[in-house]
Structure formats: structure tokens, C-alpha cells
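First the structure, in the form of C-alpha cells, and then the observations on it.
The values are calculated or read from the model by the stated rules, or taken from the named source; none is laboratory data. Just so you know, these numbers come straight off a predicted model, no measurement behind them. As a convention, Cβ positions derive from the backbone with ideal geometry for all residues, glycine included, and neighbour counts pool all protein chains shown. Protein only, heavy atoms only, side chains kept; ligands, DNA and RNA dropped before computing areas. Shrake-Rupley method; radii C 1.70, N 1.55, O 1.52, S 1.80 Å.
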Amino acid sequence: MNNEIVACFPQWANYSHAFKYLFEHGFDVKYMTPPPITKRTLELGSKNSPDYVCAPFKYCLGCYIEALQNGANCLMQIFGACRLNYYGELSEQILRDMGYNFHFFNMANIKWTSPRSIMENLRVVNPEVSLVKVVKALPTTLRIIKVIDKFDNYIRHNVGFEVKEGEMESVYKEFSDKLDNLKNGRELSKLAKTYYKKIKQVQLNKPAKTYKVGMVGDYYTVQEPFSNYFMEKELAKMGMEVYRDMNLTNTLVHNQWKKRKKTAKKYAKYSMGATANFTVAETLMYARAGMDGIIQVKSFGCTPEIDAMPVLQNISRDYKIPVLHFSFDSQTSETGVKTRLEAFYDMVVARQK
Amino acid sequence: MIKGYLGIDIGSISTKGVVIDNKNNILASEYLWTEGDPMGAVKRLLKVLEKQLKGKDVKIVSVGTTGSARKLIGVMTNASVVKNEITAHAIGTTTLHPDVNTIFEIGGQDSKIIIIENGFVVDYAMNTLCAAGTGSFLSSQAHRLGVPVEEFGKIALTSQHPTNIAARCTVFAESDLVHKAQIGHKKEDIIAGLCKAVVTNYINNIGKGKKIKAPIVFQGGVSKNVGVKKAFEDAVGCEVLVDPNGHLMGAFGVAVLARKSGIEKSFSFDVADMEFKTTGFECPKCANHCEIICVFKDNELIDSWGNKCDNGAVKINRRNNG
């Protein structure tokens with residue numbers, strides 16, 4: 001292995017800019033923006049994964065393989081409240097068995113109460129890591145995440161009503177290119193301001209009454225567009241306003257876990273694991289806000305989300321709001337997804353009349 | 001001259017066509033097998049419909065398509081409405097039975113449940129991952145038992161003690177069925193058991209958590225099976241309606257939608273004699289490898305789809321033939 005460390009975190013929504021900043025300015029290593037997910041990524045991932053593991057694992061594994069092929073040598077995985085805790089270890093072993101040589105920064109290994117454990121694990125990324133530098137880079141990293149989510153939210157709510165299709169996307173692309181070469185926090189404020197103005201200038205043709213749909217579901221599937229067949233885009237194209245509150249801002253920067261659990265209390269007294277309480281609480285929030293429909297997306301076999309399904313049906317009945325469930329694995333027919341979405345749209349429109 | 005509206009429902013197993021007038025009366029209808037060739041099936045369908053309409057002075061002014069091949073056939077027939085089958089079925093059923101609250105639909109490859117309140121769809125579900133409890137499962141089991149699938153229902157009704165057959169999954173059901181047959185269960189009991197298994201699977205899977213309220217209409221190809229109808233009635237405890245045109249409901253619904261759309265486009269039965277061809281190729285421009293489908297009419301490219309991004313877009317000189 002050559003000496004230069006190239007870190008890479010699997011493709012996940014638009015967050016690579018934030019990770020890039022953290023690793024280049026905090027850990028002092030090179031960061032590789034993961035190659036965008038394609039069918040090949042998923043094929044590579046599924047081929048080398050246990051068959052019954054959930055789709056997010058397959059996406060991540062495929063991403064690791066492509067990153068390694070492109071020259072990355074330091075991979076990582078986060079931790080969570082479900083099988084995710086085990087995913088880092090499992091993917092590391094699979095990749096080692098395949099013959100790859102790399103460092104693996106597994107955040108599930110960190111004992112957060114022990115400074116020694118934290119340091120030991122951070123040194124996996126860079127043996128000469130400076131904790132001071134990492135801590136210094138953190139606030140800006142978190143701010144990047146917030147900015148990204150703010151932009152994504154605005155786009156989600158409005159992109160379906162563009163006068164000239166694709167305008168927002170091009171503004172956003174320009175913005176992300178600049179974000180990728182960010183030097184410091186001050187630059188971020190300026191950049192965000194300029195581009196937020198620009199994106200707000202994109203001409204919209206928004207009717208007074210729009211159809212609003214809330215997206216809920218498991219952490220990865222709801223956030224990574226490829227893994228839900230670009231559903232948000234599809235819904236926007238039909239002329240719907242899409243809402244989604246499951247993002248890094250709400251789970252890391254300002255962790256809403258306690259609040260959500262409280263919101264969900266009437267329907268789910270206990271902690272249901274992973275994102276299930278979030279799903280229930282968000283569904284409830286959307287229902288109370290008078291939205292026109294809820295779509296739950298989950299990976300096939302995601303137990304916490306399966307547990308949330310009957311709760312969602314209760315909410316659907318109590319608030320008279322339609323809830324549509326989607327379960328994704330590595331193979332799902334796109335036509336089937338489109339058929340259901342079209343019918344969902346027809347239903348939402350018909351209910352309003 | 002009467003204005004006619006043609007609805008075509010191209011499913012995986014069967015292709016249905018209906019021609020209605022502006023009062024929703026059915027002027028002509030046909031049901032035939034798709035045989036894996038939707039374009040060929042539609043050509044055959046159009047020939048039959050044309051024959052049925054002969055001498056009636058009907059002019060088709062608008063076409064609607066639905067079913068899994070709706071897009072392809074929509075291009076072929078110059079359709080004014082291309083609708084998903086869930087909406088089409090709901091529209092068709094509520095037109096004929098305005099008071100319906102629940103629609104059970106079991107077709108060849110899929111099954112759905114549609115919940116209706118005051119004439120509007122308020123909830124629906126469609127089977128996702130498994131073909132257990134659909135028409136193709138029943139027909140393959142009928143074949144295994146050496147019984148024509150059309151007779152299946154009648155035989156089921158003669159059974160006194162339906163055999164219990166595991167309904168969770170097609171594979172389990174099949175091995176269970178073989179086992180039960182080998183240990184000596186009577187054929188009619190097994191057949192009745194299969195009908196019951198289909199219903200149990202349906203209620204436990206897509207019917208789960210849904211408010212099933214009478215009046216219930218049961219449709220789709222499997223609704224012609226009286227055994228399944230009876231099993232449904234036993235399971236929900238009330239009468240289940242089967243419309244004589246239940247198997248045509250999707251086509252009927254989309255014909256109604258075509259009529260309501262107010263869009264009139266020229267259509268001629270000559271389509272049946274034109275040569276349509278599709279070619280598929282894999283776009284080489286990125287690792288997504290989108291499968292792009294091009295549709296040709298008399299060797300002229302009329303439409304294409306399948307590309308995820310603009311790189312894969314196929315340039316078309318679209319003639320205004322509308």
C-alpha cells in the first residue's frame with residue numbers, strides 16, 4: 001500500500017461534501033468522492049453480500065468495491081440502532097476475503113466514553129491524526145450538512161413547479177462543485193448565501209393549492225435517491241410537493257430522537273429500534289399538518305420498519321390519510337414502482353375533489 | 001354514426017378490449033391470451049373487435065390503454081389516455097357499481113385490493129414480491145392436477161372438507177399440495193383447499209390492515225373461479241359480487257377514462273395490419289446500462305424510452321400524427 005491515505009465513505013445522498021471537508025481538513029488525508037451509484041454498483045454489492053441482508057448493505061458494499069478499484073484505501077462505516085452496527089465488521093471481512101488491502105474505520109468499534117478508544121479508532125484513518133484539528137473541523141462539517149439539507153428541502157418542495165425544467169438542478173450542481181473545494185467556514189456562509197439566493201430566483205409556477213406528500217422510511221432507503229428509484233424526483237415530476245425530515249440534520253446535527261419518540265408516544269410507547277419511531281412520528285407530523293399522502297420506503301426485510309407498518313395503518317385510519325408502502329431489494333421492477341406511484345397520485349387528487 | 005371509445009388492458013397473461021358508446025354501453029368486447037407478445041395480441045384483439053362492430057356504424061374516436069404493456073400499446077394505437085391499472089379498475093367498477101366499497105382483484109401475475117369511499121379510491125395495495133395467490137399459480141396447479149383451470153371452481157364446490165394447504169408462499173404451497181395428494185387426500189378437497197389458500201394468502205398479505213367493507217366486488221380473471229369466490233365469501237362473511245364483465249373491468253375503466261378525457265384522436269383498425277417492431281439495446285454511455293426500447297412503425301422510429309438520463313435519449317423526428 002502506498003503511503004498516501006485516500007478515505008471514502010459510501011455514497012449517501014449529497015453528504016460527500018461534508019465528509020470531504022472533515023477528512024481533508026480534520027484528518028489531513030485525501031478524500032475520494034464515491035463514484036455515483038449505478039446498476040453496476042448494486043450488482044457488485046449483491047453478488048458479494050449475503051442474500052438476505054438488507055439493500056443498504058448491498059449498496060455500501062458495491063460502493064466500497066468501486067472505491068477500492070478507483071484507488072481508495074481507507075473505508076468506513078457508521079453505527080446505528082439495528083443490524084447496521086454489525087455491517088462495518090461484516091463488510092470489512094467480505095472485502096478482506098476478496099483480497100483487498102485497506103484500512104477500515106468502523107465507528108461501531110468506538111467506545112464514546114473512553115478517550116483512549118476514540119483516539120485509537122481515529123488513528124485507523126491517519127496514524128498521525130490530531131484530535132485538535134478534527135474537533136476544529138467538526139463545526140464546519142456540521143454546518144455543511146445543515147446547508148445541504150436546507151437546499152435539498154427547498155428543492156424537494158419546489159422542483160416540481162419549475163417553469164424551465166432542470167434549472168434548479170443546474171444551480172445546485174454549480175453549488176456542489178464549489179462546495180467540494182471549500183476552504184473554511186467563512187467561505188461556506190458566503191457560498192450558501194449566494195446560491196440560496198440563486199436557487200430562490202429560479203422561476204416557479206406554483207398553484208395556490210398543491211398536493212403534498214411526506215416521505216418516511218428506513219435511514220438509507222429514504223435518503224439515497226438511487227435506492228428508492230428516484231421516487232422524490234418522480235413525485236415532483238407529477239407536480240407534488242415532497243417533504244422528508246429524515247436527514248443528517250435531524251439525526252446528527254440536531255438529534256430529534258427524543259422529540260420524535262415523544263411525538264410518536266400515542267402510537268408507539270416503546271423504542272422500536274432503528275428509525276421506526278422516527279417513521280411513526282414523522283407520519284404523524286405530516287398527517288397533523290394536513291398533507292395529502294404518506295409514502296413509506298424501506299429495504300426488504302428491515303424489521304423495525306415492518307413493525308412500523310401496522311402503526312402507520314392506524315394513523316392512516318385515524319387521520320384519513322393514505323399511506324403507501326414500498327419494499328425494495330436489489331431487484332424491483334421499475335414499472336411496478338411507477339404504476340403504484342401513478343395510482344397514488346390519482347388517488348390523492350381524487351380524494352381532494 | 002355512433003362515437004365509440006376503445007379501452008385495451010394488456011396484462012401479462014391476457015389481453016382485454018372493450019368498445020363503449022357515450023353512455024357506457026359495451027358495444028364489443030374480447031378477451032384473449034397475451035402469449036408473451038403484447039403487440040401481436042393487440043393486433044388479434046383489434047381484428048376481433050372490428051368484426052364485432054361490423055355493420056354497427058361505430059367510429060372509434062378515442063383510445064385508452066392500461067395494464068403492464070400500456071405504454072407500448074399506447075404508442076401503437078395512438079392512445080389519448082394511458083393509465084395505470086389500479087385507477088382503471090377503480091373507475092370501471094365504480095361506473096358499474098357506484099356503491100362499491102371494496103374491490104378484490106386477482107389477475108394473472110398480480111393481485112390488488114382497492115378501498116373506495118363515496119366513489120373515490122382512498123386506499124389500495126398491490127402484491128409486491130411474490131406470485132402466490134394469483135391466477136398463474138392456480139393454473140399451474142390445475143395443470144399439475146390434470147384439471148382444466150376452467151373446471152377448477154366447479155370441482156372445488158363439490159368438496160365437503162377442503163384440505164388445508166400452506167398459503168404463505170407458492171413454493172411451500174406447491175410442496176404441501178404434492179404431499180397432501182400423496183397421502184391420499186381427495187382431488188376435490190385439494191382443489192377446494194387451493195382456492196382457500198389463495199384467499200388466505202390474499203387476505204393475509206395485501207388485505208392486511210385494510211378496512212374490508214361490503215359491498216365487495218371481486219374481479220380479474222380469477223373471479224371466474226366460483227371456488228375462489230366461495231372461499232372469499234366464507235372468509236369475509238358476506239356476499240361477494242362478481243360482475244359478468246368482471247374480467248374486462250380494466251379495459252372498460254380505461255375506455256370510460258378515454259371518453260371522459262374529451263381528447264379525440266384519429267384511430268383506425270388498420271393498425272392491426274401495420275408492422276410494429278421494437279428493438280432494445282443497452283445504452284453504453286455509463287455503468288447504469290439502461291435498457292432502451294425503440295418502437296418502430298413501418299420501420300420508422302416513433303418512440304423510445306428506458307433512459308435514466310439525457311445521455312441515453314434517442315433522437316426522434318416525431319411526426320404530428322395526432
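Of all DSSP bridge pairs formed entirely within chain B, close to 70 percent run antiparallel. Accessible area per residue for the range A:1-134 is 46 Å², calculated with a 1.4 Å probe on protein heavy atoms, without ligands, DNA or RNA. Only the Cβ atoms of Lys and Arg (+1) and of Asp and Glu (-1) were treated as charged; on that basis the dipole of the protein assembly as shown about its Cα centre amounts to roughly 2100 debye.
Here each label is just a point 7 Å from Cα along the line to Cβ, and for residue B:109 and residue A:124 those points are 4.4 nm apart. The angle between the Cα long axis of helix A:55-69 and the longest principal axis of the Cα atoms of chain A comes to about 40 degrees, rounded to the nearest 10.
Comparing the full protein assembly with the isolated chain, the residues of the range A:335-353 losing at least 10 square angstrom of accessible surface (1.4 Å probe) are A:335, A:339, A:340, A:342, A:343, A:346, A:347, A:350, A:351, A:353.
Selection among A:230, A:44, A:19 by position relative to the dipole of the protein assembly as shown gives A:19 as farthest towards the positive end (Cβ unit charges, Cα centre). Ligands, DNA and RNA excluded, the heavy atoms of residue B:43 present near 50 Å² of accessible surface to a 1.4 Å solvent probe. Remark on residue A:328: its backbone amide H falls under 5 Å from those of A:298, A:299, A:300, a criterion applied only to residues 5 or more positions apart or on other chains, H modelled at 1.01 Å from N. Summarised in one figure, the compactness ratio Rg/Rh of the protein assembly as shown, Cα atoms and Kirkwood Rh, is 1.00. Given +1 at the Cβ of Lys and Arg, -1 at the Cβ of Asp and Glu and no other charges, the dipole of the range A:6-129 around its Cα centre is 160 debye to the nearest 20.
Give the value in nm², to one decimal: projected area of the alpha carbon convex hull of chain B, averaged over all directions. One quarter of the hull surface, i.e. the mean projection, equals 18.7 nm². The range B:246-305 and the range A:77-102 have their alpha-carbon centroids 46 Å apart.
Once each of the GluC sites (Glu not before Pro) sitting in a DSSP loop with at most 10 other beta-carbon atoms within 10 Å is removed, chain A keeps A:166-353 as its longest stretch. Determine the alpha carbon to alpha carbon distance for each of B:180/B:213; B:186/B:229; B:23/B:208 and list only those over 27 Å. In this structure, B:180/B:213; B:23/B:208 exceed 27 Å between Cα atoms. Label point 7 Å out from residue B:208 along Cα-to-Cβ: which residues of the range B:163-200 have amide N under 15 Å? Answer for this model: B:167-170, B:200. Here the accessible area is traced with a 1.4 Å probe on the protein chains. For chain A, carbon and sulfur cover 53 percent of it. For residue A:47, the lysines whose Cα comes closer than 20 Å to its Cα, not counting residues fewer than 8 places off in the same chain, are A:39, A:58. Of the residues B:267, B:14, B:92, the one whose Cα sits farthest towards the positive end of the charge dipole of chain B is B:267 (charges of +1 on Lys and Arg Cβ, -1 on Asp and Glu Cβ, taken about the Cα centre). Over what distance in Å are the Cα centres of the range A:1-69 and the range B:79-139 separated? Here the two parts' Cα centres lie 41 Å apart. Prolate is the label for the range B:98-242, because a/c, from the alpha-carbon gyration tensor with a ≥ b ≥ c as root eigenvalues, is 1.5 or above and a/b exceeds b/c. Loop-located trypsin sites (Lys or Arg not before Pro) in the range A:107-168 (DSSP state other than H, G, I, E, B) with a sparse environment of at most 12 neighbouring Cβ atoms within 10 Å: A:111, A:164.
Which percent of the accessible heavy-atom area of the range B:2-142 goes to carbon and sulfur, probe 1.4 angstrom? The nonpolar share, carbon plus sulfur, comes to 52 percent. Of A:256, A:313, A:201, which is the most mobile in a GNM of chain A whose springs link Cα atoms less than 10 angstrom apart? Greatest mean-square fluctuation among the candidates belongs to A:201.
If a/c stays under 1.5 just call it rounded; otherwise compare a/b with b/c (prolate if a/b is bigger, oblate if not). Do that for the range A:130-234, with a ≥ b ≥ c from the square roots of the Cα gyration tensor eigenvalues. It is oblate, given that a/c is not under 1.5 and a/b is not larger than b/c. DSSP finds beta bridges in the protein assembly as shown, and of those with both partners inside it, around 50 percent are antiparallel.
Membrane-span-like helices in chain B, defined purely by DSSP H runs whose alpha carbon atoms cover 20 Å or more axially and whose average Kyte-Doolittle hydropathy reaches 0.0, are B:38-53, B:187-205. Once you've got the GNM for chain B with C-alpha springs shorter than 10 Å, pick whichever of B:106, B:293, B:191 has the biggest mean-square fluctuation. Among B:106, B:293, B:191, the largest GNM mean-square fluctuation belongs to B:293.
Taking all protein chains as shown and a probe of 1.4 angstrom, residue B:263 keeps an accessible surface of around 80 Å². Highest mobility in the GNM of chain B, judged by mean-square fluctuation with C-alpha springs under 10 Å and restricted to B:287, B:192, B:28, is found for B:287. With the simple model of a label 7 Å out from the Cα in the direction of the Cβ, residue A:163 to residue A:52 spans 5.6 nm. By a 1.4 Å probe calculation restricted to protein chains, residue B:44 has an accessible surface near 100 Å², given to the nearest 10.
Sort the range A:51-165 into rounded, prolate or oblate with this rule: let a ≥ b ≥ c be the square roots of the eigenvalues of the Cα gyration tensor; rounded if a/c is under 1.5, and if a/c is not under 1.5, prolate when a/b is larger than b/c, oblate otherwise. It comes out oblate by the Cα gyration axes. Can you give the accessible area buried between chains B and A, summed over both chains, with a 1.4 Å probe, in Å² to the nearest 100? What B and A bury together is about 2200 Å². Buried on complex formation within the range B:37-78 (loss of at least 20 square angstrom of accessible surface versus the isolated chain, 1.4 Å probe, ligands and nucleic acids ignored): B:70.
Across the range B:217-234, no residue has a backbone nitrogen under 14 Å from the label position 7 Å along the beta-carbon direction of residue B:151. Residue-wise HN-Hα couplings along the range A:334-351, as the Karplus relation 6.51 cos²θ - 1.76 cosθ + 1.60 with θ = phi - 60° gives them from phi, are 5, 4, x, 5, 4, 4, 5, 5, 4, 5, 4, 4, 4, 5, 4, 5, 5, 5 Hz; Gly and Pro carry x. Computed from Cα atoms, the angle from the helix A:303-319 axis to the main principal axis of chain A rounds to 30 degrees. Taking 0.36 nm per residue of separation and subtracting the current Cα-Cα distance, fully stretching the chain between residue A:252 and residue A:331 would add 25.4 nm. Largest to smallest in accessible area, the residues A:12, A:257 fall in the order A:257, A:12 (1.4 Å probe, all protein chains included).
Annotation: the antiparallel percentage among DSSP beta bridges lying fully within chain A is about 5. Full extension of the chain between residue A:40 and residue A:205 yields a length gain of 55.7 nm, computed as 0.36 nm times the residue separation minus the alpha carbon distance. At 7 Å along the Cα-to-beta-carbon direction for both residue A:262 and residue B:286, put a label point, then send me their distance in nm to one decimal. Computed distance between label sites residue A:262 and residue B:286 equals 4.3 nm.
Nearest 20 debye, what's the magnitude of the dipole of chain A about its Cα centre given +1 on Lys and Arg Cβ and -1 on Asp and Glu Cβ?
My answer is approximately 1580 debye.
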